[in-house]
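All remarks here apply to the structure that follows.
The values are calculated or read from the model by the stated rules, or taken from the named source; none is laboratory data. Given the structure is predicted, the values throughout are model-derived calculations rather than measurements. Backbone-built Cβ (ideal geometry, glycine too); neighbour counts: all protein chains shown. What goes into the accessible areas is simple: the full protein's heavy atoms, side chains included, and nothing from ligands, DNA or RNA. Shrake-Rupley method; radii C 1.70, N 1.55, O 1.52, S 1.80 Å.
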Amino acid sequence: MSAVTTTTTATTAVPLAATVENSQVRRRRRLSPGKRLPATRFLGPALLLALWAAASAAGQLDPGAIPAPWTVLETGVQLWTDGTLPTDILTSLQRAGSGFAIGLTAGIALALASGLSRTGEALIDGSVQLNRAIPTLGLIPLFILWLGIGETFKIAIIAIVVYIPIYLNTHAALSGIDSRFVELAEVQGLSRYAFIRRIVIPGALPGFFVGLRLGVTGSWLGLVVLEQINATSGLGYMMFQAQNYGQTDVILVGLVVYGIFGLISDSAVRLIERRVLSWRRTLSS
């Protein structure tokens, strides 16, 4: 009788344990954000656009202050047709691209020099932290005196806006590399080049991409201010001229173009990051 009871208990315990395990698996799965849905990043802007259109159609917004989306679209088409918008977009892209390239190169070089050498850290990190504490746009008057009021100071300011987040995040990622990997490289007798290629670069890439996204966004934020200073073309200049004549629809066209470029560039960096760091197992993947 005792043997029969034991066998029955054991037989009952097996499905019970399986049920408990399946329940735990289900609970663990609920903690995950779930499978990534395509084009979800555009749902937020689409919702804002729909609310804007609905409020304009219902007469809840003053057309003189906030024109309807279709009015802004008509203005954008008109500016594109007469050649104003393409010229301003091309000029802004050239400024942002030049400043971003210089800032990217400087940020990576300074982060590597500071993160891989105590001497470099002593000479570089303090200066960069001091530069970070100074408002970058507050440097505009000084840079105008140094570099003139032409294009050079605009590109220099954009480069500063870009290099700071790239340096900070890349340097933090380098400093956060586990020392056991360094010890392993020393035991394996890796050369300096092999150490950088196999350990430093993979360890620093996650932080670098965070800084890269911030730098891309920063280049657009700085551009909108700089193009209102002694400029004869560019999206910021177009918006400044529209402000003088009270053309809110033209201002909104410029803001929409800035937003579109910012969203596209950030999405491109995210895509590159997912491809390059496909070996990582994270919540976002």
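Helix-only arithmetic for the chain: the sum of -39500 (n - 2.57) across DSSP H runs with n ≥ 4, divided by the residue total, places the mean residue ellipticity at 222 nm at -26000 deg cm²/dmol. Note on the range 127-198: the C-alpha convex hull projects to 6.6 nm² when averaged across all orientations. Scoring 119-131, 154-166 by mean Cβ neighbours within 10 Å over their residues and listing the highest first yields 154-166, 119-131. Specify whether the C-alpha gyration tensor of the chain places it in the rounded, prolate or oblate class, a ≥ b ≥ c being the square roots of the eigenvalues: rounded for a/c under 1.5, otherwise prolate if a/b is larger than b/c and oblate if not. It is oblate, given that a/c is not under 1.5 and a/b is not larger than b/c. For the range 66-211, the square roots of the Cα gyration tensor eigenvalues, ordered a ≥ b ≥ c, give a/c of at least 1.5 with a/b greater than b/c, which places it in the prolate category. What's the local net charge at Ala204, with K and R +1, D and E -1, over the other residues with C-beta under 14 Å away? Net local charge, Ala204 excluded: +1. Per-atom-type breakdown for the chain gives carbon and sulfur 66% of the accessible area (1.4 Å probe, protein chains only). A 1.4 Å probe run over the range 173-258, with the rest of the protein chains in place, finds 52 Å² accessible per residue. Were the residues from Asp82 through Ala53 laid out at 0.36 nm apart, the gain over their Cα-Cα distance would be 7.8 nm. For Ala231, the amide hydrogen comes within under 5 Å of no other amide hydrogen, counting only partners 5 or more places away or on other chains and with H modelled in the peptide plane. Neighbours of Val269 by Cβ distance under 13 Å: Lys/Arg scored +1, Asp/Glu scored -1, total +3.
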